[in-house]
Amino acid sequence: MSEHSRQAHTPVEPGLLIVDKPAGMTSHDVVSRVRRIMGTRRVGHAGTLDPMATGVLVLGLERATKLLGHLALDTKSYLATIRLGATTTTDDAEGEVLSEVDASAVPEDAIRGGVAELTGDIQQVPSAVSAIKVNGRRAYEMARSGETVELAARPVTVSRFDILALRRTERTTDLDVLVECSSGTYVRALARDLGAGLGVGGHLAELRRTRVGPFGLATARTLEQLAAEPGLSMGLDEAVAAAFPRRTVDAAIARALSHGQVVPAAGVEGTYGMFDPEGRAVALVRDRGRTAKPVFVITPAS
């Protein structure tokens, strides 16, 4: 099926699409391509991936775009390659090299000690080319225009930082690593800080996101696969069940929720999904004392 025929003849259902992003594309590039493939302008993405990175990117289509802001994508997993021996302007392989030293003989026990220091609850200074806003402007815009960018350290959690392989070249040491971390953690900053701590400099050579929240590569599709067979990864009901705590309510409460009314609280912390007796997601809600207030009505009353 061509992208044009999809747009012309096939209606689009709301739901999530888990894309395996290729290298060289921005997250917005992926959104633009999916709009053409799926034949709808209503496509948004949750979180971003740098152009050099590959892997899991979560997209919402149609009404599911309103779901994206509520998704608890607070944990992420990556496979990465860190190169010791060079620092760059962007802390990754896309930047200009600032300094180079011979890092081919950095002791393995020193490397493992440096990794241990960057594991757990740490304070991390984000990369100067991050998307963090400084006085209303993106840090990367300031950095690329030649301005000095100073970002404050902030708390992040690196729950796993495992060395999978260590390779030495004539002047560098490459580390293949697995990183599991909280949202807001920059793997490029881990590479930078590991190299700085070892006194040889370092940067991120490759990055692949394998999971964000509950969504992993197992359900992800490449853009080529999507173009060949357009379709959602999961509908709204399945997406809500995968991403939020679930509570099933009777028909009367489901009807009230469909009208946006408050209902009795379920005693669940944070945002959760309420489903009707037939298993359809009716609303995302949050408890407010003894009542639960809808934050997104998924199935509004017709």
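Where a number appears in this text, it was derived from the coordinates with a stated rule and is not lab data. Computed from a predicted structure; not experimentally measured. Cβ sites come from the backbone with ideal geometry, for glycine too, and all protein chains shown count toward neighbours.
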Whole-Hz couplings from phi, Karplus 6.51/-1.76/1.60, listed for segment 44-53; x for Gly and Pro: x, 10, 9, x, 9, 10, 4, x, 6, 7
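So how do 11-17, 52-58, 245-251 stack up, highest first, on mean other-Cβ count within 10 Å? Don't skip to the end; give the middle numbers.
Numbers: 11-17: 18.7, 52-58: 23.4, 245-251: 14.3.
Going by the mean number of other Cβ atoms within 10 Å, highest first, we get 52-58, 11-17, 245-251.
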Relative contact order (%) - the chain, alpha-carbon pairs under 8 angstrom, separation at least six: 21 percent
Spin-label model distance (nm) - residue 23 vs residue 166, 7 Å beyond Cα toward Cβ: 2.5 nm
Calculated from backbone phi, Karplus (6.51, -1.76, 1.60) coupling profile of segment 264-278 in Hz, x at Gly/Pro: x, 5, 9, x, 10, 7, x, 7, 9, x, 10, 10, 7, x, 8
Using a Förster distance of 25 Å, the FRET efficiency for residue 108-residue 182 (Cβ separation, nearest 0.05): 0.35
Of (1) 24.5, 93; (2) 22.2, 71; (3) 19.2, 63, the label for Rg and Dmax of the Cα atoms in Å derived from the coordinates: (2)
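Taking Cα pairs under 8 Å and at least six residues apart, what relative contact order does segment 75-211 come out at, in percent?
Numbers: 311 pairs, mean separation 59.4, N = 137.
Relative contact order here is 43 percent.
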For residue 53, distant residues with modelled amide H under 5 Å away: 24
Residues whose placed amide H lies under 5 Å from that of residue 248, excluding near-sequence neighbours: 275
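Using unit Cβ charges (K, R positive; D, E negative) and no other charged atoms, how large, in debye to the nearest 20, is the dipole of the chain about its Cα centre? Don't skip to the end; give the middle numbers.
On the way: 35 positive and 36 negative charges, 258 e Å.
Using only the charged Cβ atoms, the result is roughly 1240 debye.
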Where labels lie 7 Å past Cα in the beta-carbon direction, separation of residue 266 and residue 280 in nm: 1.7 nm
Helix-only mean residue ellipticity at 222 nm for the chain, each DSSP H run of n ≥ 4 adding -39500 (n - 2.57), per residue, nearest 500: -6500 deg cm²/dmol
Bins of 10 Å from zero: percent of alpha-carbon pairs in segment 75-211: 13, 44, 34, 9, 0
Segment residue 72-residue 259, extension gain: residue separation times 0.36 nm, minus the distance between their alpha carbons: 64.8 nm
Karplus-derived HN-Hα couplings along segment 214-220 (A = 6.51, B = -1.76, C = 1.60, θ = phi - 60°), whole Hz, x at Gly and Pro: x, 9, x, 5, 4, 9, 8
Amide hydrogen neighbours beyond the local backbone of residue 159, cut-off 5 Å, H modeled: 120, 180, 181, 182
Where labels lie 7 Å past Cα in the beta-carbon direction, separation of residue 159 and residue 301 in nm: 4.1 nm
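Please report the net charge: other residues with Cβ closer than 14 Å to the Cβ of residue 42, K and R +1, D and E -1. Walk me through the numbers before you get to the answer.
Details: positive: 35, 36, 41, 63, 66; negative: 13, 62.
Here the count lands on +3.
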C-alpha center-to-center spacing [segment 181-219, segment 74-110] in angstrom: 10 Å
